[in-house]
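The structure appears right after this line, and notes come after that.
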Amino acid sequence: MAGLNDRHPDDIIIQEKKLHGLTVDLFRHAGSEEREARLIADHLVLANLSGHDSHGVGMIPRYVINIKAGMTPLNQHAQVVLDAGGLLVVDGNAGVGQVVAYEAMQMAIERAKMHGVCAMALRNASHIGRIGHWGEMAATAGLVSTHYVNVIGHKPYVAPFGGADARFSTNPYCCAIPRGDKPPFILDFATSRVAQGKVRVAYNRKQQMFEGALIDPQGNPTTDPGVMFSDPIGAILTFGEHKGYGMALACELLAGAFGSGAMRPGTMERGATINNMFTFVVDPGKIGDRTEVLAEIERSLDWITASPPAAGVEKVMIPGDPERNMRAHRRANGIPIDPTTWEHIVDAGAKVGMNQVDLEKYRA
Ligand code: NAD
């Protein structure tokens, strides 16, 4: 994620409310109903606020291309295809991910409250964005959740451990744990060394990536983000060597098999992202005594975060803290958008019939 102070002097600074208003306006012009436009805006702007610019409003140009190409039909809803109490299979009908994942999570949360647990497979959803958004939804309802996600519908970006070309995508994993009235544990990451969107951000900003993240089309290590925009394409490596690779594979196999397929010839030619998500939602109060379970989590976190900070570290954090810190910072100081991303958003706005004046007013 972005660091608190890594804003570039050329960046355009937009306040949360204006960026949200722009996003709603743009998707209303594209044909989304009000609720859909708001759910997209809530999600993308919260991703920017959280420091995950790769999954924020920078996605708008890609979403508009997919909408215009008929790849993401608007105003679709999650459709239950298997309902077996604590087991749900939900089809997203390739609809807007921010809507169909929201509806699928609402159902899974309701079932977990009823049965103590729900295993939910969401299949065939257009890009569902930052997976932590869905973990936060469960945690806000007082529930634990885990999410295994894979990506199909476009060419592969990520190489298997020991491989020299890409075979699957950035397959995110998320685990969310509620903490009563304290902010939840939200572990949420791409199983690739970096999210593909972060390579795009580096490419747009004309920056090099750090070492150990990318290989070129010949399988050699490189720091040039351009290899992910060339033909033939390079690849991103998985995080954590063989362990991260194993986790990426778990996402690929579970989300793929219970969803609408894993990435391979036959599922990668569509030309637009489809996410599958295999999710467990668990009510901690139905496994044990809720108060005692939450108290044990606190005792454990107190012990772990009391570790003396290493040199250069302010304090030991838990997953979810960096995003919360960034939210506070960006709510106070505005959200930076790099000029290339802004230009692409303006172009996307023009494609859906917004004029320059409509768009520029959000920048002021
Ligand atoms: P990242 O590398 O920034 O890691 C984020 C995780 O690490 C968070 O849980 C964060 O709280 C935690 N973290 C970071 N620093 C920490 C610290 N010092 N102490 C404790 N915890 C810390 O994330 P990423 O891999 O770049 O992923 C970015 C986003 O991209 C995620 O939200 C992910 O869901 C999303 N994504 C989505 C898709 C998709 O297909 N929809 C694909 C890939 C990634």
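For this structure, a couple of remarks:
- Matching entry among 227, 199 (being crowded, with 18+ Cβ neighbours inside 10 Å, in contact with a helix residue (DSSP H, G or I) (Cβ under 7 Å, 6 or more places away or on another chain) and in a helix (DSSP H, G or I)): 199
- Per the conditions (1) modelled with pLDDT of 95 or more; (2) within 16 Å of the ligand (Cβ to nearest atom); (3) within 27 Å of residue 269 (Cβ to Cβ), the sole criterion not satisfied by residue 46 is (3).
- Any helices (runs of 4 or more DSSP H) falling wholly within segment 268-340 and containing at least 3 residues that are within 13 Å of the ligand (Cβ to nearest atom) and over 30 Å from residue 167 (Cβ atoms): 290-305, 321-333
- Single residue of 303, 342 found to be among the aromatic types (Phe, Trp, Tyr) and free of Cβ contacts under 8 Å to residues at least 24 places away in the same chain: 303
- Hey, residue 12 farther than 22 Å from residue 123 by Cα and aliphatic (A, V, I, L, M) or not: yes
- Subset of segment 50-75 that is buried (at least 20 other Cβ atoms within 10 Å of the Cβ) and in a loop (DSSP other than H, G, I, E, B) - its residue that is farthest from the ligand (Cβ to nearest atom): 72
- Single match in 154, 147 (criterion: surrounded by 24 or more Cβ atoms within 10 Å (Cβ to Cβ) and within 12 Å of the ligand (Cβ to nearest atom)): 147
- Where residue 108 falls short, out of the listed (1) out of contact with any Pro (no Cβ under 7 Å at 6 or more places or on another chain); (2) in a loop (DSSP other than H, G, I, E, B): (2)
- In segment 234-265, the qualifying residues are those that are part of a loop (DSSP other than H, G, I, E, B) and buried (at least 16 other Cβ atoms within 10 Å of the Cβ), and the one that is farthest from the ligand (Cβ to nearest atom) is 234.
- Of all residues making up segment 195-212, the number that are under 19 Å from the mean Cα position of the chain (by Cα), more than 6 Å from the ligand (Cβ to nearest atom) and aliphatic (A, V, I, L, M): 3
- Restricting 45, 24, 89 to those that are part of a helix (DSSP H, G or I) and surrounded by fewer than 22 Cβ atoms within 10 Å (Cβ to Cβ) reduces the list to 24.
- Candidate set from segment 172-182 (those that are under 23 Å from residue 148 (Cα atoms) and away from the ligand (no atom under 11 Å from the Cβ)); member that is surrounded by the most Cβ atoms within 10 Å (Cβ to Cβ): 178
- Answer residue from segment 106-143, given it is under 11 Å from residue 88 (Cβ atoms) and either in contact with a His (Cβ under 7 Å, 6 or more places away or on another chain) or of a type in the set (Gly, Ala, Ser) (or both) and is surrounded by the fewest Cβ atoms within 10 Å (Cβ to Cβ) among those: 119
- Verdict on residue 123 being among the charged types (D, E, K, R), within 13 Å of the ligand (Cβ to nearest atom), touching a Ser or Thr at 6+ places or on another chain (Cβ under 8 Å) and at pLDDT 95 or above: no
The values are calculated or read from the model by the stated rules, or taken from the named source; none is laboratory data. Since the model is a prediction, treat every value here as computed from it, not as a measurement. Here the Cβ is made from the backbone with ideal geometry for all residues, glycine too, and neighbour counts use every protein chain on show.
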